[in-house]
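Below: the structure, in C-alpha cells.
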Amino acid sequence: MSVKIREEIVKTDFLIAGGGVAGLQAALTAAQKGIDVVVAEKADTRRSGCGANGNDHFACYIPECHGDDFEMCIRQIDQTIDGGPWQDPTMLRLWFSRSYEVVKIWESIGINMRPTGKWNFEGHSVPGNQKYHLKFDGHNQKPALTAAAKKHGAKIMNKTVVTDLLVNKEGRVTGALAVDISEDEPEIVVFQAKAVLIAAGAADRLYPGITPAYMFNDSGCPANTGDGHAMAYRAGARLANLEMAGGHAGPRYFARGGKGTWIGLTSDITGQCVTPYQDKPSRENGDIASDIWPGSYRDRMQAGAGPTYMNCTQTTDEDLDYMLHTAFVSEGIDSLTDNLAQNNIDLRKSMIEFGSYNIGLSTQGIDIDEHAMSSIPGLYAAGNVVGNVKGNLAGAAVLGLVAAEHAAEYVKTVDEEDVSDYPLIKERQALYTQIMERENGAYWKEAASTLQNIMNDYCGLTIRSESMLTAGLTYLRQLKSTALESLSAKDSHELMRVLEVLDLIDVGEPLFMMALNRKETRPPHKRADYTYTNMLLNGKFQTIEKHDGQVTMDFRSRF
C-alpha cells in the first residue's frame with residue numbers, strides 16, 4: 001500500500017507539535033494575539049501528555065503569599081523538584097516570575113486553583129522553607145485548556161503525529177511533516193508555517209519499565225516517545241543534558257505519578273523512617289525524600305538495605321481520607337484508590353513498597369533561550385522536551401505562553417515559504433510505503449524491547465564505562481539499520497508505533513555519545529572508568545547538535 005500525501009498543504013502562522021499543557025497554553029496565548037494557530041496532536045488534546053490524568057501541584061510565586069523577597073524564593077524553589085542544577089538560572093527566574101500569570105489564566109478558564117477557597121500550598125518543599133506548590137484541582141485541566149484554545153480560534157488536529165521539521169537552505173524552520181492516523185490507512189500531511197513550537201513531551205519507553213511485559217504501565221504518558229527530541233536533532237537543533245536521564249518513583253509495580261501526593265514517611269521494612277526530613281506524616285510537607293532522591297528505592301535494593309516503603313500507618317484518618325478521595329482524584333491517580341479497595345489493603349495497617357522506575361528524558365532535550373526559541377530560527381520548544389528548563393507543569397505552561405508571545409511577533413518578520421517541493425516529503429513517503437508494504441517484516445515490539453535492553457544494559461543508571469558505551473552504541477546503530485530494513489506495519493496505528501521506535505533510537509544515539517563524552521562521574525551519570533567529578537565542568541551543560549551528518553558536542557556555561 002503506497003502511503004498517500006494529502007493534496008492540500010495546511011498553511012498557518014504558528015504550528016504547535018503536541019497538545020499537552022505547554023502546547024495548549026501556547027495555542028491559547030497565540031490565538032489571543034491574533035495569529036493563525038494549528039495544534040497537531042498524536043492522541044486527543046482533551047486527554048494527552050503528562051497532564052492527561054490531572055495534576056494537583058502547580059509551582060508558583062504569589063507575592064501576597066510569599067512576600068517581596070523574590071531572590072529568597074528563588075533559592076528555596078531551587079531546592080525542590082522544580083529546581084535543581086539542571087536548568088539555567090535565567091530560565092528558572094523566567095518561569096517562576098511569570099507563574100502567577102498562568103495561575104490566573106487557568107482560574108479564568110474554569111480550572112479550580114483554589115478548591116479550599118484560598119491559596120493552599122502543600123508538599124514538594126524542604127521542611128522549614130516556604131511552600132510554593134499550589135494545591136489545585138487539575139482533573140479537568142486538559143478539557144478546559146482545549147476548550148479555551150478553540151474558543152479563541154486555535155485549530156486542533158487530533159490523531160496527527162508530527163514526524164519531521166522542514167528547514168530551508170538558510171536554516172530557518174518553514175513547516176513540518178505529519179502522519180494522519182485517524183483512519184486505518186495513514187496519510188502524510190504537509191504543514192507550511194512561519195514558526196513551529198515543539199511541545200511533544202518527554203522521551204518515555206526508552207528504557208525498560210518496571211513491568212517490561214506491560215510496556216504502557218508508565219508513570220508518564222506512554223505516547224510521549226521522544227518524537228520532539230528526535231525531529232529537532234535531525235533538523236540540526238542543539239540538545240542539552242541527554243546523558244542525565246532520570247527516573248521516577250512510586251508504588252513498585254503500579255507505575256503512577258503523584259509521589260508528592262502521598263501523606264506518609266519513606267520507611268524501611270520495620271517501619272522506621274530512612275530520611276532525616278521529618279519524623280511523622282505531614283499533609284503540609286508531604287515527603288520530600290522521593291523528590292530529592294528518586295533513585296533511593298533502587299539504590300537501597302542494590303545495597304541490600306531495601307525494600308523501602310511509603311508508610312502511612314501513622315497518618316491521621318482525616319488526612320488518609322483527603323489523600324485517597326480528594327488529592328488522588330485531583331492528581332489523576334485514583335486508580336490507586338480503586339486497587340487498594342479491590343485488594344482490601346488498609347493503609348492504616350499496611351505499608352506500600354515504592355520503587356524507582358521509568359528512566360527516560362524529562363527536562364533533558366532541546367536547548368532554548370529566554371524566548372523559548374531553539375538554535376534554529378523560528379523553532380520554539382516548551383515542556384518536558386526542553387533540556388535547560390524544569391518547572392514541570394508550571395514550567396511547561398509558562399514557557400508555552402512565552403513561546404507564543406514571541407512567535408506572534410516573530411511571524412511578522414518572515415515571509416511564508418512554499419514547501420511543496422522539499423525532498424524530505426518524498427523521502428518520508430518512500431520510507432513509510434516500504435514499511436506498510438512489507439509482508440513478512442518484523443513487529444515494532446521486537447525492535448522496542450531490543451532498544452530498551454541495549455539502553456539499560458550499556459547506558460543505564462547503575463554504571464557506565466567507555467567499553468560498555470562503545471559496545472552499546474555499536475549495537476544501537478546495528479538495530480537502527482535492521483529496523484529500517486525490516487520493520488513492517490499493517491495499519492496507521494502500527495505505523496505510528498514503528499515511527500516511535502525509530503525516534504527513540506534516534507534519541508538513544510546522541511545520549512550514548514554524550515555519555516561517552518562526559519568523562520567523569522556526576523550523578524545520575526556514573527562512570528566506572530572516571531570515578532571522580534571534574535570540577536571544571538561544574539555549572540556547565542553538555543550540548544550536542546548535528547549538521548550535514550557531522551556531530552558537535554560542547555560544554556557551555558549556565559546562563
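The values are calculated or read from the model by the stated rules, or taken from the named source; none is laboratory data. Model, not experiment: these values are computed from the prediction. Methodologically, a virtual Cβ is constructed for each residue, glycine included, from the backbone with ideal geometry; neighbour enumeration extends over all protein chains shown. SASA here: full protein model, heavy atoms, side chains in, ligands and nucleic acids out. Shrake-Rupley method; radii C 1.70, N 1.55, O 1.52, S 1.80 Å.
For the set Lys42/Lys445; Lys155/Lys480; Lys33/Lys546; Lys104/Lys280, the pairs lying more than 27 angstrom apart at their alpha carbons are Lys155/Lys480; Lys33/Lys546; Lys104/Lys280. Protection proxy ranking, highest mean first, for peptides 532-540, 108-116, 378-386, 190-198: 378-386, 190-198, 108-116, 532-540, where packing is the per-residue count of other beta-carbon atoms within 10 Å, averaged. A compact globular protein would have a Cα radius of gyration near 2.2 N^0.38 Å; the ratio found for the stretch 184-258 is 1.37. Within the stretch 399-474, the trypsin sites (Lys or Arg not before Pro) that combine a DSSP coil assignment with at most 15 other C-beta atoms in a 10 angstrom radius are Lys412, Arg438. Computed from the Kirkwood radius of its Cα pairs, the Stokes-Einstein diffusion coefficient for the stretch 44-131 at 20 °C and 1.002 mPa s stands at 149 µm²/s. Between helix 444-459 and the chain there is an angle of about 60 degrees, using the helix long axis and the longest principal axis of the Cα atoms. A convex hull fitted to the Cα coordinates of the stretch 474-559 yields 145 cubic angstrom per residue. At the listed q of 0.24, 0.27 Å⁻¹, the Debye profile of the stretch 242-303, built from one uniform point per Cα, gives log10 I(q)/I(0) equal to -1.16, -1.38. Estimated from helical segments only, the mean residue ellipticity of the chain at 222 nm is -10500 deg cm²/dmol, where each DSSP H run of four or more residues counts as -39500 (n - 2.57). Taken over the stretch 56-202, the percentage of Cα pairs per 5 Å bin, counting from 0 up to the bin with the maximum distance, is 2, 8, 13, 15, 14, 13, 13, 10, 8, 4, 1, 0. Backbone phi angles across the stretch 108-124, fed through the Karplus curve with coefficients 6.51, -1.76 and 1.60 (θ = phi - 60°), yield HN-Hα couplings of 5, 9, x, 8, 7, 8, 9, x, 8, x, 8, 5, 10, 10, 9, x, 6 Hz in residue order; Gly and Pro are listed as x.
The C-alpha atoms of the chain define a longest principal axis, and helix 141-151 lies at about 40 degrees to it.
If only the Cβ of Lys and Arg carry +1 and only the Cβ of Asp and Glu carry -1, the dipole of the stretch 157-248 around its Cα centre is close to 500 debye. The label-point distance for Asp78 and Lys280, in a model that sets each label 7 Å from Cα toward Cβ, rounds to 3.4 nm. For the stretch 498-559 and the stretch 103-123, what is the separation of their C-alpha centers, rounded to whole Å? What the calculation gives is 39 Å, centre to centre. Entry note, the stretch 238-305: relative contact order of 29 percent, from Cα contacts under 8 Å with a spacing of 6+ residues. Compared with the alpha-carbon gap, the fully stretched path from Glu466 to Phe216 is longer by 86.8 nm at 0.36 nm per residue. When you filter the trypsin sites (Lys or Arg not before Pro) in the stretch 49-143 for DSSP loop state and at most 14 other Cβ atoms inside 10 Å of their Cβ, you are left with Lys118. A value for log10 I(q)/I(0) by the Debye sum over Cα atoms at q = 0.08, 0.10, 0.12 Å⁻¹ was derived from the coordinates, and within the list (1) -0.50, -0.80, -1.18; (2) -0.54, -0.88, -1.31; (3) -0.65, -0.97, -1.27 it appears as (1).
Which value, in debye to the nearest 20, gives the size of the charge dipole of the stretch 1-145 about its Cα centre, when Lys and Arg are +1 and Asp and Glu are -1 at the Cβ? Value, rounded to 20: 380 debye.
Measuring from centroid to centroid over Cα atoms, what is the spacing of the stretch 466-482 and the stretch 339-382 in Å? What the calculation gives is 27 Å, centre to centre.
Surface composition of the chain: carbon plus sulfur atoms contribute 48% of the solvent-accessible area (1.4 Å probe, protein chains only, all chains present).
What do you get for the angle between helix 423-437 and the principal long axis of the chain? Use alpha-carbon atoms, 0 to 90 degrees, nearest ten. The two axes meet at around 70 degrees. Taking GluC sites (Glu not before Pro) across the stretch 153-246, the ones in a DSSP loop with at most 11 further Cβ atoms lying within 10 angstrom of their Cβ are Glu170, Glu183. For the peptides 154-160, 392-398, 123-129, 67-73, residues were scored by their other Cβ atoms within 10 Å and the scores averaged per peptide; the highest-first order is 392-398, 154-160, 123-129, 67-73. Peptide packing: for 33-40, 222-229, 4-11, the average count of neighbouring Cβ atoms within 10 Å per residue gives the ranking 222-229, 33-40, 4-11, highest mean first.
In the full protein context, the chain carries 39 Å² of accessible surface per residue, based on a 1.4 Å probe and ignoring ligands, DNA and RNA.
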